[in-house]
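Note sheet for the following structure.
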């Protein structure tokens, strides 16, 4: 009995320490999760920041379109977006995007559709989220399932078609903490959205042994999985998605 | 006699002007489409990188290096966009190539 109580106490203490060390970002309302306020120069130029909603865009395009074919970095406000660039067919104004033909362009009546102070989504976009398979965290949408079931059919390219990815190696990684199940990384679910070069070699470079620093503390600082899974892809609160009890 | 000579000179001049206008057009058509086709062909294989052999990966890295100077000569917008993308492709091919060579040791 004493042993059981001690084991329970130690487990609770370990969990408490882990929770204290892993400071998760605050939870946003589901319709605001993944919505960015882009403000590199907007306020300096006396304009409202541009609001970019990932959940609206990812229904129409996979991540690789914007983060490989179009020149958007993963980290907000690090891409040198300019109004002139947008109007000249770069960034948001790339042909097939906000070029005034495929979707509304960068002319006067449309400015306020992106340049606004609030992250709040339109009702039709909130309703569109509600129709997708549910998840407990983030947008409360299971995007992987939505894609697999064909609820959404995002375009995988604008101009550069790619062969279907056949690499579906599933990695299993030992957790550093006692009582924490191993982490799994399925390539297949990721390459449905991303290009290989989105992650390799810059974010994950096994050759340079960066994975020896592959710890939750670093991930929560925005490295490795944290590049996407803190702000856009399902958040870290969803422990069991990566650390399932059964492999 | 003199008018024939003037006419010949004019015809010659016109021919030279036409030639001068045609040569850059042909050159730009070759250069213009050429780099883009090569870019699409190289970077259209990134999702298959893991299944490519080391020789093919090495060839792709070399092709990236050969294409880079052509892209550096493009206008500002295209240069910025495509140099970044070319670098992403090259880095991936180099990474997979090195990983495969390491595995083979």
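The values are calculated or read from the model by the stated rules, or taken from the named source; none is laboratory data. Because the structure is a prediction, the values reported are computed rather than measured. Using ideal geometry, Cβ is built from the backbone for each residue, glycine included, and neighbour counts are taken over all protein chains shown.
Assorted remarks:
- Scanning region A:181-192 for residues that are in contact (Cβ under 8 Å) with a residue 12 or more places away in the chain and in a helix (DSSP H, G or I) returns A:187, A:188, A:189, A:191.
- Within this structure, residue A:105 fails the test of being surrounded by 14 or more Cβ atoms within 10 Å (Cβ to Cβ), within 14 Å of chain B (Cβ to nearest Cβ) and at pLDDT 95 or above.
- Checking residue A:97 against (1) within 14 Å of another protein chain (Cβ to nearest Cβ); (2) under 30 Å from residue A:28 (Cα atoms); (3) touching a helix residue (DSSP H, G or I) at 6+ places or on another chain (Cβ under 6 Å), the condition it does not meet: (3)
- Residue match in region A:32-41 (condition: away from chain B (no Cβ under 14 Å), assigned to a loop (DSSP other than H, G, I, E, B), at pLDDT below 95 and over 29 Å from residue A:137 (Cβ atoms)): yes
- Residue in region A:193-215 that is within 11 Å of chain B (Cβ to nearest Cβ), surrounded by fewer than 16 Cβ atoms within 10 Å (Cβ to Cβ) and touching a residue at least 24 places away in the same chain (Cβ under 8 Å) present: no
- Residue within region A:205-226 that is modelled with pLDDT under 95 and within 20 Å of residue A:61 (Cβ to Cβ) present: no
- Residue satisfying condition, being facing another protein chain (nearest Cβ under 10 Å) and touching a residue at least 40 places away in the same chain (Cβ under 8 Å), within set B:54, B:46: B:46
- Taken over region A:138-159, the criterion of being part of a loop (DSSP other than H, G, I, E, B) and either in contact with a helix residue (DSSP H, G or I) (Cβ under 6 Å, 6 or more places away or on another chain) or modelled with pLDDT of 95 or more (or both) is satisfied by A:138, A:139, A:140, A:142, A:150, A:151, A:152, A:153, A:154, A:158.
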